[in-house]
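Structure first, commentary second.
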Amino acid sequence: MIRKITSIVSCIQKANDILVVGHIMPDGDCISSVVSLSMGLEKFGKRVTPAIDWKIPANFTVFPWIDRIKDFSNDVVEPNLIIIVDASSPDRIGRFEQLLRKGIPSVVIDHHATNTFFADDCWVDPSYSSAAQMVLDLLKLMDVEYDADLALMNYIGIATDTSFFRYSNVDSSVFEAAAELVRLGADPTFVATSILETRKIEELFLERDAIDNIKVLSNGRFAYSYLELEDFEKYSLTEDDFVGFVGDLRSIKSVEVALFASEASKGEAHVSLRSKSYFDVSKIAVAFGGGGHQKASGFTLRYDDNLEDALAETIEMIDSQLQQKEKH
């Protein structure tokens, strides 16, 4: 690990202008990793542009540096180095993928086991809870001095990608990293309140519709639901306003696998997969062009008919594999 981090530090030292890019449909780990790495590299003396080709969810706008994140429509200066965080494949960074084709030196920092190693230098380690935890180790090796804002932004990714320390990716190193960031100034209460307790009442109405669509298969071990575009439009919401429902499905006592699909536009939906203990949902995601972790993965589904019909193949595959596991 130290050798790989040292190699990345060497790439950073050679560059003056650095673009730090996260993935589309950004979650807390993506936003945290992009911002905290950018803040750290600026302290290291580099000119840095944090970038995500997607709208940042509203509940993150209260945090430092969020207004500095550029999307692809901005005039982003062509960098000497592109660092991609928390993304397992080049299509996950949206239109910034175009810069990779120009031959600009690139680095990937990621913790997804399904990573395709698409950069010149790749540090991929699924043993980490989050890309943000990897950023912490990188910045520590670079002797970057933390202030309260950097500690806060770095903490967000660790907290959110472990579902606030509830998932199986939590070990002693995660608590040690979180504790270190709290000592450096991160405020866990502010993070939890800002992310978990800022829901609109319309989101609860939309959740009611998602609950109405729940179906359970495989003797109660597989639960899935979906929302179509008109469901979001009914409450003047977008899918970015409604995240986390797949976790609610997984929380059902008998459920091993949960699936939730949200229609982003007609003919395109984002599918989230979760498992509780033994089922590897990343294999399902990869089969449909996506990726992720053993217990948390996803993919984009494109189709000509309606969403429910388009999900049939995925649902049948999961149901069949669960039935086979039951026989064995």
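Hey, what's the chain come to in accessible area per residue, 1.4 Å probe, Å²? Please report the intermediate quantities before stating the final value.
Details: 14830 Å² over 328 residues.
Per-residue value: 45 Å².
For the chain, count all C-alpha to C-alpha pairs, find those more than 32 Å apart, and express that count as a whole percent of the total.
Details: 14915 of 53628 pairs.
Percent of Cα pairs beyond 32 Å in the chain: 28.
Taking the Cα centre of segment 109-268 as the origin, how large is its charge dipole in debye, to the nearest 20, when only Lys and Arg (+1) and Asp and Glu (-1) carry charge on their Cβ atoms?
On the way: 12 positive and 31 negative charges, 159 e Å.
Dipole magnitude for segment 109-268 comes out near 760 debye.
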Checklist outcome for this item: One point scatterer per Cα, no solvent, Debye formula: log10 I(q)/I(0) for segment 23-139 at q = 0.09, 0.14, 0.23 Å⁻¹ comes out as -0.21, -0.53, -1.60
Item to check | Using alpha carbons only: equivalent-ellipsoid semi-axes of segment 205-245, gyration tensor based, whole Å | outcome: 23, 9, 7
Item to check | In nm, spacing of pseudo-spin labels at residue 62 and residue 165 (7 Å Cα→C-beta vector) | outcome: 2.0 nm
Checklist outcome for this item: Those trypsin sites (Lys or Arg not before Pro) from segment 152-244 that are DSSP loop and have at most 14 other Cβ neighbours within 10 Å turn out to be 166, 199, 200
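Run the accessible area of the chain with a 1.4 Å probe and give the carbon-and-sulfur part as a rounded percent.
On the way: 7160 of 14830 Å².
Of the solvent-accessible surface of the chain, carbon and sulfur hold 48 percent.
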Checklist entry - In segment 249-300, with Lys and Arg counted as +1 and Asp and Glu as -1 at Cβ, which of these residues, 261, 277, 287, has the Cα nearest the positive end of the dipole, that is, farthest along it? => result 277
Item to check | Centre separation in Å (Cα based) which lies between segment 1-17 and segment 35-81 | outcome: 19 Å
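What range in the chain is the longest one free of chymotrypsin sites (Phe, Trp or Tyr not before Pro) that are in a loop by DSSP and have at most 13 other Cβ atoms within 10 angstrom?
Working: sites that count: 117, 278.
Here the longest run is 118-277.
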Checklist entry - Which one of 223, 154, 298 is farthest out on the positive end of the charge dipole of the chain, using unit charges on Cβ (Lys, Arg +1; Asp, Glu -1) and the Cα centre as origin? => result 154
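If you take every DSSP beta bridge fully contained in segment 150-275, what fraction is antiparallel? Give it as a percent rounded to 5. Each step should come with its number before you reach the end.
On the way: 11 of 17 bridges.
Restricted to segment 150-275, the bridges split so that about 65 percent are antiparallel.
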Item to check | For the chain: relative contact order, % (alpha-carbon pairs under 8 angstrom, 6 or more apart) | outcome: 13 percent
Item to check | Inter-centroid distance (Cα atoms) of segment 271-324 relative to segment 82-147, Å | outcome: 25 Å
Checklist outcome for this item: Both in Å, the radius of gyration and Dmax of the C-alpha trace of segment 230-328 are 13.8, 47
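If you put +1 on each Lys and Arg Cβ and -1 on each Asp and Glu Cβ, how big is the dipole of segment 276-328 around its Cα centre, in Debye rounded to 20? Write down the numbers at each step before the final one.
Details: 6 positive and 9 negative charges, 98 e Å.
Taking the Cα centre of segment 276-328 as origin, the dipole is about 480 debye.
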Checklist entry - In segment 18-123, what trypsin sites (Lys or Arg not before Pro) fall in a loop by DSSP, with at most 16 other Cβ atoms inside 10 Å? => result 55, 101, 102
Checklist entry - How much of the DSSP beta bridge set in the chain is antiparallel, as a percent to the nearest 5? => result 45 percent
Next on the checklist: Within 10 Å, at most 14 other Cβ atoms, and a DSSP state outside H, G, I, E, B define an exposed site. Report the longest part of the chain free of exposed GluC sites (Glu not before Pro).
Outcome noted: 1-144
Checklist entry - Setting aside same-chain residues fewer than 8 positions from residue 276, which lysines have a Cα under 29 Å from its Cα? => result 200, 215, 253, 295, 325, 327
Checklist entry - Rg(Cα) of segment 150-210 divided by 2.2 N^0.38 Å? => result 1.34
Checklist outcome for this item: In terms of the charge dipole of the chain, which places +1 on Lys and Arg and -1 on Asp and Glu at the beta carbon, the residue among 115, 321, 210 farthest towards the positive end is 115
Next on the checklist: For segment 140-221, what does the relative contact order come out to in percent, with C-alpha contacts under 8 Å and a separation of six or more?
Outcome noted: 33 percent
Checklist entry - Against the longest alpha carbon principal axis of the chain, how many degrees, from 0 to 90 and to the nearest 10, is the axis of helix 131-141 turned? => result 20 degrees
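The values are calculated or read from the model by the stated rules, or taken from the named source; none is laboratory data. The shown structure was predicted, so the numbers you read here are calculated from the model rather than taken from an experiment. FYI the Cβ positions are ideal-geometry reconstructions off the backbone, even for glycines, and counts take in every protein chain you see. Side chains included, ligands, DNA and RNA excluded: accessible areas come from the protein's heavy atoms. Shrake-Rupley method; radii C 1.70, N 1.55, O 1.52, S 1.80 Å.
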